[in-house]
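The values are calculated or read from the model by the stated rules, or taken from the named source; none is laboratory data. Computed from a predicted model, the values in this text were never measured in an experiment. When the accessible area is computed, the model is the full protein with side chains, heavy atoms only, and any ligands, DNA or RNA have been set aside. Shrake-Rupley method; radii C 1.70, N 1.55, O 1.52, S 1.80 Å.
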Amino acid sequence: TQRGETGFVERGGQMDSRNGVWQCTRVVVRYCNHSYASRGAKEFVDDIVPALKSEFPNVELVVETRSGKFPFLEGFYKNGRRKPIGVKGEPAASISNLAKLLINQWGGKNVEHSGKRINTRSQSVQGLWTPFTNRPLP
């Protein structure tokens, strides 16, 4: 495996799956023929989609046009989950990296990391202050 331009691990057609089965079944590219925001998506469909189809024959790549709508990619997975990614104004190379990212994922939840990060000039040895910090024990 090697890291690509985006920093994600690119496997180039190797089995990136759980239990030896590819989890991404279909990637749909939706874009508008007339929109300026879809220029990268149109270039992606014309130039890169045929190469992706040959690189990942197990994934169905579907191209749909929707007039007056912003372009996006949507990945469909075996566990029933769908992951849409908006690609408005993105260049074709960036859309290609996002499509490979969808293909290499297994369809799990997008996890938000808990808690708000607090930046201070000096770190506290005791931790973050709360109203119960100096409360006497019962």
Handout entry: With DNA, RNA and ligands ignored, accessible area of PHE72 (1.4 Å probe; Å², nearest 10)
Key = 40
Exercise for the section: Calculate how large, on average over all directions, the projected area of the Cα convex hull of the range 38-138 is; give the answer in nm² to one decimal. Expected result: 12.6
Completion exercise
Sorted by chain and then number, the residues having a modelled amide H within less than 5 Å of the amide H of ARG66, at least 5 places away or on another chain, are TYR31, CYS32, ASN33
Problem - Size-normalised alpha-carbon gyration radius of the range 48-99, reference 2.2 N^0.38 Å - result: 1.19
Handout entry: Within straight-line cross-link reach of LYS109, lysines at Cα separation under 24 Å, skipping those fewer than 8 residues along the same chain
Key = LYS78, LYS83, LYS88, LYS100
Problem - Heavy-atom accessible area ranking, 1.4 Å probe, most first, across TRP129, TRP106 - result: TRP129, TRP106
